[in-house]
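The values are calculated or read from the model by the stated rules, or taken from the named source; none is laboratory data. Remember, it's a predicted structure, so these values are computed and weren't measured experimentally. Ligands, DNA and RNA are stripped out before the accessible areas are found, and what is left, the full protein with its side chains, is counted by its heavy atoms. Shrake-Rupley method; radii C 1.70, N 1.55, O 1.52, S 1.80 Å.
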Amino acid sequence: MIAITLFVVIVMYSWIASKAIRFSSKKMQSQTAGIVTAAVFFLLPTWDSIWGAVQFRYLCAAEGGFKIVRTAQAAGFFDADQHSGCEGTCAEALTKRGFQFVEMDVITPLWLTKSKGLQRFYLADAGSPNCSEFDRYLARHNGYFYANITIPKLKCVAGDSIASVTAQYDLAIAQDGGVAFGPTKIDRVESYVRDRGTGEVLAAAASFRSWGGWLSKPLSFGSASVCPSWKDSHGPIEQVLKGEGASN
């Protein structure tokens, strides 16, 4: 329905533009007047897309990409951009990347917890009281856990409420960094590893999502242009901070 409406609007706009171009050329008795009128009608619906495309490319070239200062090892980290419990990234850190714990500030409990506030997730012995949410999850999903994640035998993912963050490092992967100023909506996406004590940023990454102008956005069907690519920006961030149990 949106596509049909947009098509009708474009046809009507083109018809009005052609009439206006012919009228201005005839009225002013000048081909230049017709060209100026055509340029005005072309820019009215597209100027924001053109300006946005220029801004998008500038931001990608000037601020996009991955920068690293140094790598580090740690027993665990504070997940700065997850607030729903131990979802896939958290479980992968515990089972594949050698971390002993992941801490986070749970705002909307969804994954392996019903509690809000600061929590620490870790692998516990199966059958312990702290495995209750994990067992409930498996029962709901017929024993299925997250894709490509295998929990070690006789273990579960458990979570405890904590009074304060103990992890030395903050880790954020593809965190919403706000909207860049301009006529079009351009989202900034950020990743970083930061020492909580000193404030040192070990590595940082940025990419941008452009949703286009008011005319081009409906034609994109809700998808955005992204740059730089994941592998050139956020992908390497996971290699900066390694778990102490990770294999070299």
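Pairs with C-alpha atoms separated by more than 30 Å, drawn from the list 155/231; 67/116; 114/185; 67/155; 153/242, are 155/231; 67/116; 114/185; 67/155. Accessible area per residue was computed with a 1.4 Å probe on protein heavy atoms; residue 81 scores about 30 Å². Over the C-alpha trace of the range 71-210, radius of gyration and Dmax come out as 16.5, 56 angstrom. Couplings 3J(HN,Hα) of the range 154-166, computed from phi: 6, 10, 9, 8, 10, x, 10, 6, 10, 7, 7, 6, 10 Hz, in residue order, whole Hz [Karplus 6.51 cos²θ - 1.76 cosθ + 1.60, θ = phi - 60°; x for Gly and Pro]. Scaled to the globular estimate 2.2 N^0.38 Å, the Cα spread of the range 134-211, given as radius of gyration, is 1.62.
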